[in-house]
Amino acid sequence: MEAVLCCLPLRDTQEQQPWLTWSRQDQYRVVLRHVAGPDLALQKRGPERGQRVRVPRVEGDLVDLEGSVLAVRHNAQETTTGRWEDVTVPILPKDRDPRLITIRRGGSLTDDDHRLLAAWAAWCAEHVLPLFENAQANDFRPREAIDADRAWIKGAMRMSDARKAAFASNAAARDLPDPAKFAALSAGQAAAVAHVAAHALGAAAYAIRAARAAVPAEEAEEVRRRERDWQREQLPGVIRALVLDDQERRNSICWNVFDD
């Protein structure tokens, strides 16, 4: 009765976003969207009540196979962290926007615009990177993720290596205060743009969260707006309309950080 983790061939799952649900009664659900790496699926039957199964750890919206965790089937909604909540991965929508899928994968995004999105994501992540570096001066993984993004743009790094840098930056975020954590996750999202262009908005969203988390609560809204506006000022004209429309469409799964 074990749930079996299966890594599907990338070419067969490039645009898939599996929603994996077992049993309407017990609400056991693991949601793994298209992430920086081959899509993943849990096959066969869900576990018995109380049975533990190993599932991937989700860092932001990137799946970390090596950091897999134990989950428990929940009628009472228990989870690995105490109380279960449906694991809905933020940032990436269930239905992918073809404008953010490259032409070679069946969408309409040109390679030039893909690189522009990656460059913008790097700017967003770098703008808040001091929040991480001030807390973790000897950890260079988020900086290396941003560098990987820019190296991929220049054709100096393979997509798969940029993806590895994304995972490393996400790992750097663990167990840190929110400003540093979100800054590292922003850098991870930026590096992941090489694989999935839609991660550009994730870099922006986490950067806003980092900036907002670094100030007192009474200043958070003003800082959110200021960071959002700064990001928009950096948008190249060619992709500006696309990104602004994407922000409106995905705002609700990006913690509403793009509210006007």
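Observations on the model:
- The range 134-260, relative contact order in percent, only Cα pairs under 8 angstrom and at least six apart counted: 20
- Net charge over other residues, Cβ less than 11 angstrom from the Cβ of residue 245 (K, R count +1; D, E count -1): +1
- Taking 0.36 nm per residue of separation and subtracting the Cα-Cα distance, full extension of the segment from residue 238 to residue 95 would add 49.1 nm.
- Rg/Rh for the range 98-253 stands at 0.97; both radii use Cα atoms, and Rh follows the Kirkwood definition.
- For the range 160-202, projected area of the alpha-carbon convex hull averaged over all directions, nm²: 2.5
- Net length gained if the chain between residue 154 and residue 222 were fully extended (0.36 nm per residue, minus Cα distance): 20.9 nm
Values quoted throughout were computed directly from the atomic coordinates according to the rules given, and no laboratory measurement underlies them. Keep in mind the model is a prediction, meaning the values are calculated, not measured. When we count neighbours, we look across all protein chains shown, and the Cβ atoms used for this are built from the backbone with ideal geometry, even at glycine.
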